[in-house]
1. State the percent of C-alpha pairs, over all pairs in segment 3-61, separated by a distance greater than 15 angstrom.
2. Hand me the tally of lysine pairs in the chain: alpha carbons under 21 angstrom apart, and the pair either on different chains or 8 or more positions apart.
3. If you take every DSSP beta bridge fully contained in the chain, what fraction is antiparallel? Give it as a percent rounded to 5.
4. Nearest 500 deg cm²/dmol is fine: what mean residue ellipticity at 222 nm does the chain get from its DSSP H runs of n ≥ 4 alone, each adding -39,500 (n - 2.57), divided by its residue count?
5. Considering only L117, Q84, S26, whose Cα is most displaced toward the positive end of the charge dipole of the chain, charges sitting on Cβ of Lys, Arg (+1) and Asp, Glu (-1)?
6. Can you give me the C-alpha center-to-center distance between segment 77-125 and segment 14-43, rounded to a whole angstrom?
7. Highest first, please rank the peptides 102-109, 90-97, 34-41 by the mean number of other Cβ atoms sitting within 10 Å of their residues.
8. For segment 1-79, with every protein chain kept in place, what is the accessible area per residue (1.4 Å probe, Å²)?
Amino acid sequence: METTHQKIVIIGIVGPCASGKTTLISALHWEGVQFRHIAQEHSYVPTMWRRLTNPAVLIYLDASYEVTCKRRRLNWTEAEYQEQKNRLSHARENADLYILTDYLTPQDVIQTVKNYLSMRGIIQQ
């Protein structure tokens, strides 16, 4: 009996709290593709995203401080937000795709990701 082993493509998702990571990951499902939320915003290790997952594609979702507060009614200071951005700086510098989600609907973000992954030959639309 012949078996084939399909390689799973891992897509890492990083960004500050309330940038849309969970919404994106819950909306995207393709055979052979695994989306992983990498909680880099909570880690002091700049390369944690690479150490834990080493994704084939790293997607950085961003949102302004004001938008994060509105989306999740976060009770945090701008200094705490900036600390997350600092912790994410290495991931941001190494991201394959950067999306500022402030003025986008979840469907806009999903479509942007689909278009990018299709262009890279990872998925077919």
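1. Values: 841 of 1711 pairs.
Of all Cα-Cα distances in segment 3-61, 49 percent exceed 15 Å.
2. Numbers: K7/K114; K21/K70; K21/K85; K21/K114; K70/K85.
Counting lysine pairs in the chain gives 5.
3. Details: 1 of 14 bridges.
Taking every DSSP beta bridge within the chain, about 5 percent pair in antiparallel fashion.
4. Working: 6 runs with 50 residues, N = 125.
Calculated at 222 nm, the ellipticity per residue is -11000 deg cm²/dmol.
5. The residue sitting most towards the positive pole is S26.
6. Value for the Cα centre distance between the two parts: 9 Å.
7. Numbers: 102-109: 13.0, 90-97: 16.6, 34-41: 18.9.
Those peptides, ordered most packed to least, come out 34-41, 90-97, 102-109.
8. Numbers: 4780 Å² over 79 residues.
Ligands and nucleic acids excluded, the result is 60 Å² per residue.
The values are calculated or read from the model by the stated rules, or taken from the named source; none is laboratory data. Here the structure is a predicted model, which means the values were calculated and not measured. Using ideal geometry, Cβ is built from the backbone for each residue, glycine included, and neighbour counts are taken over all protein chains shown. The protein model used for the area step is the full one, side chains on, heavy atoms only, and it has no ligands, DNA or RNA in it. Shrake-Rupley method; radii C 1.70, N 1.55, O 1.52, S 1.80 Å.
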